[in-house]
Amino acid sequence: MTLVARTVSEIRGNTLEQITPSSSLLEDLGLDGDDFSMWLVPEIEWQFQFRGSTSEWEQVRTVLDVVDMVDRHRRIKSPNPSAA
């Protein structure tokens, strides 16, 4: 969660204290469509080395949604828990 929160903070200038798992990216943190598609998505995909589908990203609403997506893709890349 920390790396996701830092990324949001860098894009929007929110403090880390303002960013919680339940924070809405749009309503609570102020990310607009451009912030999301041009900055957050590519940065998260680069940092965590995965590529999410458009339909997956369209379902993301909160910080926890981003964290869950990262976790899902990490499990797909490394299905053996001891390899993580």
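Rule-based calculations on the coordinates, nothing more; no lab input. Because the structure is predicted, anything quoted here is derived from the model rather than measured. Neighbour counts are summed over all protein chains in view; Cβ atoms, including those assigned to glycine, are modelled from backbone coordinates with ideal geometry.
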Per-residue ³J(HN,Hα) for the range 9-18, Karplus 6.51 cos²θ - 1.76 cosθ + 1.60, θ = phi - 60°, Hz, x for Gly and Pro: 4, 5, 6, 10, x, 5, 6, 4, 5, 7
Extended-chain gain in nm, criterion 0.36 nm per residue less alpha-carbon gap, Ser55 and Met1: 17.3 nm
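Specify the longest stretch of the chain that does not include any exposed loop site, a site being one of the trypsin sites (Lys or Arg not before Pro) with a non-H, G, I, E, B DSSP assignment and at most 14 other Cβ atoms within 10 Å.
Here the longest run is 1-50.
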Long-range amide H partners of Ser24 with built H, under 5 Å: Leu29
Of Leu3, Ile76, Leu29, farthest towards positive along the dipole that unit charges on Lys, Arg, Asp, Glu beta carbons give the range 2-83: Ile76
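Report, in deg cm²/dmol and to the nearest 500, the calculated mean residue ellipticity at 222 nm for the chain, where each DSSP H run with n ≥ 4 adds -39500 (n - 2.57) and the sum is divided by the residue count.
It lands at -13500 deg cm²/dmol.
Evaluate the relative contact order of the chain (contact order divided by residue number), counting alpha-carbon pairs under 8 angstrom at least 6 apart; express in whole percent.
RCO, the chain: 34 percent.
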If the convex hull is drawn through the Cα atoms of the chain, its volume per residue in Å³: 87 Å³
